[in-house]
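What follows is one structure encoded as structure tokens, with my remarks underneath.
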Amino acid sequence: MSKSYQPKPPYLMNCLKAFVVGGLICVFGELLTQMYIHWFDFSEKNAINPTVATLILLSALATGIGVYDKLGQFAGAGSAVPVTGFANSITSAALEHKSEGIVLGIATNLFKLAGSVIVFGVVAAYVLGIIRYVWALIF
């Protein structure tokens, strides 16, 4: 009964915000890639690694000063889906427990939210590698 009195969420506006902010993060990543290619003479293939590292560093710094949290409240999934959202989750967990000390606070809670993503990624890569290897042996 209470649901009938609650306002409907603005789904279209939320999708639009997520699309625009996520797209702008991706455009910024592409600009970084082009910068590494043209200014620092990286190949197209090798420019991706410093681009991802730069995006992770910038989003961790933005999380540390409180800017990324405001962006996340505004954009929702648009800021959470790119690699910057992954860096935000790791940094947020570390900042939340910094009062407990470096070892018991930051180090033990650093991968609390992202640990499952890392474990799933490693296991999935291993399983797919085995499947690809067996496929190559058969065909």
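Annotations
- Among the candidates Gly115, Gly101, Gly105, Gly72, residue that is more than 27 Å from Leu16 (Cα to Cα) and crowded, with 16+ Cβ neighbours inside 10 Å: Gly105
- Meets criteria (part of a helix (DSSP H, G or I), modelled with pLDDT of 95 or more and either among the hydrophobic types (A, V, I, L, M, F, W, C) or farther than 21 Å from Asn109 by Cα (or both)) for Leu31: yes
- In segment 99-123, of all residues being in a helix (DSSP H, G or I) and in contact (Cβ under 8 Å) with a residue 12 or more places away in the chain, the one that is farthest from Ser89 (Cα to Cα) corresponds to Ile106.
- Subset of segment 35-79 (residues that are outside any helix (DSSP H, G or I) and either within 26 Å of Pro10 (Cα to Cα) or of a type in the set (Lys, Arg) (or both)): Lys45, Gly66, Gly76
- The residue of segment 90-139 that is nearest to the chain's Cα centre (by Cα), among those that are basic (Lys, Arg) and under 22 Å from Leu57 (Cα atoms), is Lys112.
- For segment 80-98, the candidate set comprises residues that are among the β-branched types (Val, Ile, Thr) and assigned to a helix (DSSP H, G or I); within that set, the residue that is surrounded by the fewest Cβ atoms within 10 Å (Cβ to Cβ) is Val83.
- Flag for Ile37 being at pLDDT 90 or above and in contact with an Asp or Glu (Cβ under 8 Å, 6 or more places away or on another chain): yes
- When segment 21-63 is limited to residues that are farther than 19 Å from Ala80 by Cβ and among the aliphatic types (A, V, I, L, M), the one that is nearest to the chain's Cα centre (by Cα) turns out to be Ala53.
- Test result for Thr91, in contact (Cβ under 8 Å) with a residue 40 or more places away in the chain and either polar (S, T, N, Q) or within 30 Å of Val27 (Cβ to Cβ) (or both): no
The values are calculated or read from the model by the stated rules, or taken from the named source; none is laboratory data. Every value quoted in this text rests on a predicted model; they were computed, and no experiment measured them. FYI the Cβ positions are ideal-geometry reconstructions off the backbone, even for glycines, and counts take in every protein chain you see.
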